[in-house]
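Derivation of every value follows stated rules applied to the coordinates shown; laboratory data play no part. Treat the numbers as computed from the prediction; the structure is a model and nothing was measured. Reconstructed Cβ throughout: ideal geometry from the backbone, glycine too, with neighbour counts over all protein chains shown.
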Amino acid sequence: MQKTRLSVASPIATIKLRRSPNPQAGYICEYFSGSVAPTPGTIQPSAATAFVLTSGADIVSGMRFVYTSGTKKCRFAASRTVNVSTKVPSFTKTGTSIGSTRATCNATITAVQTSLPYNYTVEFEIK
């Protein structure tokens, strides 16, 4: 059986994280489909950070990670899936409060490349 390949370049997701003026936020990796640079780390109060996920797969890419700020905790996830038949991508993003104190966990896809390799930018925010 022959594998279907959609693109030559590796798909890239650009991740931007913002946080409100609470205690610094710590990072916990759960899953990345590909390599991440720079390695995500602590975010200082009222600061932002960014990193890039380069996927090794043409058809799917995704990530799931957690940021904690005191007793607030957000699980963030995003993915891109390309329908092999139609070559049309779909994108998902979520931000879920999972800490002992309710947090606002926003997730927004802010940019999508409409041609191969379907790169995208997603912004996450913890408040």
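Just one of (1) in contact with a Pro (Cβ under 7 Å, 6 or more places away or on another chain); (2) part of a strand (DSSP E or B); (3) closer than 21 Å to Gly26 by Cβ trips up Val122, so point out which. All conditions pass for Val122, except number (1). Look at segment 27-55: where a residue is among the hydrophobic types (A, V, I, L, M, F, W, C) and a partner is outside any strand (DSSP E or B), sitting 6+ places away or on another chain with Cβ atoms under 8 Å, you get Cys29/Pro40; Ile43/Gln24; Phe51/Pro38; Phe51/Thr39; Phe51/Pro40; Leu53/Ser33; Leu53/Gly34. Residues in segment 73-94 that are more than 17 Å from Ile43 (Cα to Cα), surrounded by 13 or more Cβ atoms within 10 Å (Cβ to Cβ) and not hydrophobic (A, V, I, L, M, F, W, C): Ser79, Arg80, Thr81, Lys87, Pro89, Thr92, Lys93, Thr94.
Criterion applied to Gly95, Gly99 was being on the phi < 0 side of the Ramachandran plot and part of a loop (DSSP other than H, G, I, E, B), and the one residue passing it is Gly99. Name the residue that is surrounded by the fewest Cβ atoms within 10 Å (Cβ to Cβ), counting only residues in segment 61-72 that are in a strand (DSSP E or B) and β-branched (Val, Ile, Thr). In this case the residue turns out to be Thr68.
Looking at Ala77, Ala50 in this structure, which one is farther than 13 Å from Thr14 by Cβ, in a strand (DSSP E or B) and either within 12 Å of the chain's Cα centre (by Cα) or polar (S, T, N, Q) (or both)? Explain how you work it out, then say what you get.
Values: Ala50 fails: farther than 13 Å from Thr14 by Cβ.
Sole residue among the options that is farther than 13 Å from Thr14 by Cβ, in a strand (DSSP E or B) and either within 12 Å of the chain's Cα centre (by Cα) or polar (S, T, N, Q) (or both): Ala77.
Of the residues that make up segment 38-47, is at least one of a type in the set (Val, Ile, Thr), under 19 Å from Ile109 (Cα atoms) and surrounded by fewer than 19 Cβ atoms within 10 Å (Cβ to Cβ)?
Taking segment 38-47 and keeping what is of a type in the set (Val, Ile, Thr), we get 39, 42-43.
Now narrow it down to the ones that are under 19 Å from Ile109 (Cα atoms): none.
Within segment 38-47, none of the residues are of a type in the set (Val, Ile, Thr), under 19 Å from Ile109 (Cα atoms) and surrounded by fewer than 19 Cβ atoms within 10 Å (Cβ to Cβ).
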